[in-house]
Amino acid sequence: NAGVTQTPKFQVLKTGQSMTLQCAQNMNHEYMSWYRQDPGMGLRLIHYSVGAGITDQGEVPNGYNVSRSTTEDFPLRLLSAAPSQTSVYFCASSYSPRTSGGNTQYFGPGTRLTVL
Amino acid sequence: AQSVTQLGSHVSVSEGALVLLRCNYSSSVPPYLFWYVQYPNQGLQLLLKYTSAATLVKGINGFEAEFKKSETSFHLTKPSAHMSDAAEYFCAVSGLMDSSYKLIFGSGTRLLVRP
């Protein structure tokens, strides 16, 4: 089935631990992105990628790293987890808006992260 | 800079009543506008989008939205609410230049449907 997958669904970390949230899509989308969702704040862009080997920062990039070695995968790394990173994380992908007109992004089911 | 304002963090309607969720945007260039829906413990699903074609956009599940440039609005409506419409709804904007890769979301409106 075509879509965006994320693992794990739930994760509990202790302050200072590191981990990687996985994201994969099988739609050959050029564009991928990571958002965090916090109550009353909507979704905020963390990092995004316009293609393999190309990444850039979004609105709230501090404390997160990304890389894009393949078209399909876009992992998000937390280098040293902090309680402020407790959130729900969503990965999304889309075709290039330049070719499809309008950036319709397809979202994964999310990862709920708690940092103690 | 682009921004989105959704008026009302919670909206409650009776089943069968009109649904109106408000969204106002700020953009220095003609925008693309989107409405997404999020059901409990799920990701976001596209309801509809405006891409400078028709100003009245029809989406899934009987929802529609009208782009009004003079009011910088893109309100979401549905004539008759169903219990299954209970969810959180997000309005989002992106531009037509390089920033069009980025979606800017509003803070969301939770729709409650009373029996």
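When chain A is treated as a Gaussian network with alpha carbon springs shorter than 10 Å, the biggest mean-square fluctuation among A:Thr71, A:Thr20, A:Thr104 belongs to A:Thr104. Here is the short version for the protein assembly as shown: each Cys has another Cys C-beta closer than 4.7 Å. Peptide A:41-50 shows a mean partner chain C-beta count of 4 within 10 Å per residue C-beta.
Applying the Karplus relation 6.51 cos²θ - 1.76 cosθ + 1.60 with θ = phi - 60° to the range B:31-40 yields 3J(HN,Hα) values of x, 9, 10, 9, 10, 10, 10, 10, 7, x Hz, where x marks Gly and Pro.
Each Lys and Arg Cβ is given +1 and each Asp and Glu Cβ -1; about its Cα centre, chain B then shows a dipole of about 60 debye.
Largest GNM mean-square fluctuation across B:Gly59, B:Gly16, B:Gly43, computed for chain B with C-alpha springs under 10 Å, falls on B:Gly43. Under 12 Å from the Cβ of A:Arg44, count the other residues' Cβ atoms, weight Lys and Arg +1, Asp and Glu -1, and hand me the total. It works out to a net charge of 0. Listed by chain and number, the lysines placed with their C-alpha closer than 28 angstrom to that of B:Lys102 are A:Lys9, B:Lys49, B:Lys58, B:Lys68, B:Lys69, B:Lys78; residues fewer than eight positions away on the same chain are left out. Note that the range A:86-94 has calculated 3J(HN,Hα) couplings of 4, 5, 9, 10, 10, 9, 9, 9, 7 Hz, one per residue in order, obtained from phi through the Karplus relation 6.51 cos²θ - 1.76 cosθ + 1.60 (θ = phi - 60°); glycine and proline are x. Identify which of B:Ala86, B:Ala53, B:Ala17 has the largest mean-square fluctuation in a Gaussian network model of chain B, with springs joining Cα atoms closer than 10 Å. Of B:Ala86, B:Ala53, B:Ala17, the most mobile in the Gaussian network model is B:Ala53. Quick one: if you stick a label point 7 Å off each Cα along the C-beta vector at A:Ser67 and A:Ser96, how many nm between them? Simple spin-label model gives 2.5 nm for this pair. When only alpha carbons are used to place a centre, the range A:27-93 and the range B:44-115 end up 23 Å from one another. Expressed as a fraction of 2.2 N^0.38 Å, the C-alpha radius of gyration for chain B is 1.02.
Across peptide B:32-40, the average count of Cβ atoms from other chains found within 10 Å of a residue's Cβ is 2.
When A:Cys91, A:Cys23 are arranged by Cβ crowding within 10 Å, least crowded first, meaning fewest neighbours, the order is A:Cys23, A:Cys91. Within the shell of other residues whose beta carbon sits under 14 angstrom from the beta carbon of B:Ala17, the net charge comes to 0, with Lys and Arg scored +1 and Asp and Glu -1. Over all other residues within a Cβ to Cβ distance under 14 Å of B:Val37, the charged ones net out to 0, with Lys and Arg as +1 and Asp and Glu as -1. Computed from label points 7 Å out along Cα-Cβ, the spacing between A:Ala2 and A:Gln17 is 3.7 nm.
Site pair A:Asp38 and B:Leu46 shows an inter-label distance of 2.9 nm when each label is modelled 7 Å from Cα along Cα→Cβ. Sorting A:His29, B:His10 from the fewest to the most surrounding beta carbons within 10 angstrom yields B:His10, A:His29. Residues in the range B:73-81 carry Karplus couplings, in order, of 10, 8, 6, 9, 9, 8, x, 9, 6 Hz; the curve used is 6.51 cos²θ - 1.76 cosθ + 1.60 with θ = phi - 60°, and Gly or Pro positions show x.
Readers should treat all values here as calculations from the given coordinates under stated rules, not as data from a laboratory. Just so it is clear, the structure is predicted and the values come from calculations on it, not from any experiment. Using ideal geometry, Cβ is built from the backbone for each residue, glycine included, and neighbour counts are taken over all protein chains shown.
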